[in-house]
């Protein structure tokens, strides 16, 4: 069966994205799935809550394991701690259905996303001013 045009577009946008764009996409995905999990929990849809939570969990786990502690130093260490907190909150939500735990995780992810978004925009601007490509 052929992929629909949206799926083809999405696949192309992912395979042609820069590392910075992929990072932002991962955060956007974690935010989206966390919000969907919270909504499912509020509606008592336990299976849906778990599916979305695991998608968010997988994204944050991928971000955590991709940290380069040699290059990132203290920043990587702090991100590692934040990711561990988020994963712990997801686990708490998954076991007990604690919506507040997921909301705490969401707040951290959204703050990280906003920080990275600003950093990526600044980086792109600097590259453009130098006449290069990002």
Requested in this report: Check off (1) part of a helix (DSSP H, G or I); (2) at pLDDT below 90 for residue 40 and give me the number that stays unchecked.
Outcome: (2)
Query - Positions within the range 89-134 being surrounded by 13 or more Cβ atoms within 10 Å (Cβ to Cβ) and at positive phi, in sequence order - result: 97
**Report entry** residue 75 vs. criteria modelled with pLDDT of 95 or more and either under 17 Å from the mean Cα position of the chain (by Cα) or part of a helix (DSSP H, G or I) (or both)
**Finding:** no
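To keep it simple, each residue is scored yes or no on (1) in a helix (DSSP H, G or I); (2) loosely packed, with under 14 Cβ neighbours inside 10 Å; (3) in contact with a strand residue (DSSP E or B) (Cβ under 9 Å, 6 or more places away or on another chain); (4) modelled with pLDDT of 95 or more.
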| site | (1), (2), (3), (4) |
| --- | --- |
| 1 | no, yes, no, no |
| 14 | yes, yes, no, no |
| 36 | yes, no, no, yes |
| 67 | no, no, no, no |
Report summary line: Taking the range 104-134 and keeping only residues that are within 30 Å of residue 46 (Cα to Cα) and within 14 Å of the chain's Cα centre (by Cα), one is left with 105, 106, 107, 108, 109, 110, 111, 112, 113, 114
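Let me confirm something: among 82, 106, 24, which residue is modelled with pLDDT of 90 or more, touching a helix residue (DSSP H, G or I) at 6+ places or on another chain (Cβ under 8 Å) and under 24 Å from residue 126 (Cα atoms)?
On the way: 82 fails: under 24 Å from residue 126 (Cα atoms); 106 fails: under 24 Å from residue 126 (Cα atoms).
Of 82, 106, 24, the one residue that is modelled with pLDDT of 90 or more, touching a helix residue (DSSP H, G or I) at 6+ places or on another chain (Cβ under 8 Å) and under 24 Å from residue 126 (Cα atoms) is 24.
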Query - The lone exception for residue 62 - which of (1) touching a residue at least 24 places away in the same chain (Cβ under 8 Å); (2) crowded, with 16+ Cβ neighbours inside 10 Å; (3) within 30 Å of residue 46 (Cα to Cα) it fails - result: (2)
Report task. Please work out if residue 45 is modelled with pLDDT of 90 or more and over 20 Å from residue 88 (Cα atoms). Result -> yes
Query - Any hit, the range 118-131, residues being farther than 20 Å from residue 63 by Cα, in contact with a helix residue (DSSP H, G or I) (Cβ under 9 Å, 6 or more places away or on another chain) and not in a helix (DSSP H, G or I) - result: no
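The values are calculated or read from the model by the stated rules, or taken from the named source; none is laboratory data. Quick caveat, the model's predicted, so the values are computed rather than measured. Cβ sites come from the backbone with ideal geometry, for glycine too, and all protein chains shown count toward neighbours.
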